[in-house]
Amino acid sequence: MNHIKLSVKVTRIRAGLLACIVAAAIACGGGQPRSLRRHVRVAAAADLNAALADLVARFSASHEVDVGVSYGSSGTFFAQLLNQAPYDVFFSADVGYPRQLASRGLVVEGTEFVYAIGRLVIWAPASSRLDLARGVAGLADASVAHLAIANPDHAPYGRAAVSALQSAGVYDRVRSRLVFGENVAQALQFAQSGAADAGLVALSLALAPALQGQGRWVEVPLDAYPRMEQGGAILKWAADLDAARAFRAYVLGAEGRATLKLYGFSLPER
């Protein structure tokens, strides 16, 4: 009989300890234990690196949803998503890519969206003597031995950069000096590291807190390149559709729009 009582007592102690551990996990995590939290997998254009990081942190804290983001060129993600790469939401720097996915029946019907208008800048290291006041035309100077842009074959900001150079009438003069980044963030890294003397990159990256004080930039006039409508969609194979919808709504809501504006994006009309 004593053995039975002891067994019951041990069982109760173990149950109590388990309850304490779960409670502690909830208290430390600000909500559900991490193993019970919901997840959203995001494929995002590289120009969103700083802005989306801010939004993800606030969304995850208030919604108890973990958001994992992979950044890269929109065209590369598009090719992967044609083969149903394991992402739930796609944020592209060119709304044309999610629209093409929609036309193929690869997104949840009615979830396509436009979230921002991208803007292009010339960025140069703080030590550079490049006269930014001359704008894109100044990039043809002999002092600019290498000019970094995103690869126009699959990166929307690369195509915008080529258009800006053509509009300024200097593309043929600088073509041999171009250094291509896999995406616009890598193009900026080339200029930041000295591998290139300047870069045509996203305003949203030039405004990132980590880059402040490291360089100078000037915006390229919007009429120098085609309008960069940035959009996305929820993929048809999203693992947690409700969580994906909640994140989409958050980015398109008041807080999301305010953050995107803070990072230099123009906002589309609702």
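The values are calculated or read from the model by the stated rules, or taken from the named source; none is laboratory data. Given the structure is predicted, the values throughout are model-derived calculations rather than measurements. Here Cβ is always computed from backbone atoms with ideal geometry, including for glycine, and neighbour counts include all displayed protein chains.
Considering Leu36, Leu82, which residue is among the hydrophobic types (A, V, I, L, M, F, W, C), at pLDDT below 95 and over 16 Å from the mean Cα position of the chain (by Cα)? Working first, answer last.
Working: Leu82 fails: at pLDDT below 95.
After applying the criteria, what remains is Leu36.
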Search result, residues across the stretch 81-104 that are not in a helix (DSSP H, G or I) and not aliphatic (A, V, I, L, M): Asn83, Gln84, Pro86, Tyr87, Asp88, Phe90, Phe91, Ser92, Asp94, Arg104
Selected residue (criterion: surrounded by the most Cβ atoms within 10 Å (Cβ to Cβ)) from residues of the stretch 232-253 that are part of a helix (DSSP H, G or I) and charged (D, E, K, R): Arg248
Close pairs (9 angstrom Cβ cut-off, 6 or more residues apart or separate chains): under 16 Å from Val179 (Cβ atoms) in the stretch 198-213, of a type in the set (Ser, Thr, Tyr) and at pLDDT below 95 anywhere: Ala198/Ser128
Strands (runs of 3 or more DSSP E) contained in the stretch 105-220 and holding at least 1 residues under 26 Å from the mean Cα position of the chain (by Cα) and buried (at least 24 other Cβ atoms within 10 Å of the Cβ): 113-118, 120-125, 147-150, 178-181, 198-202
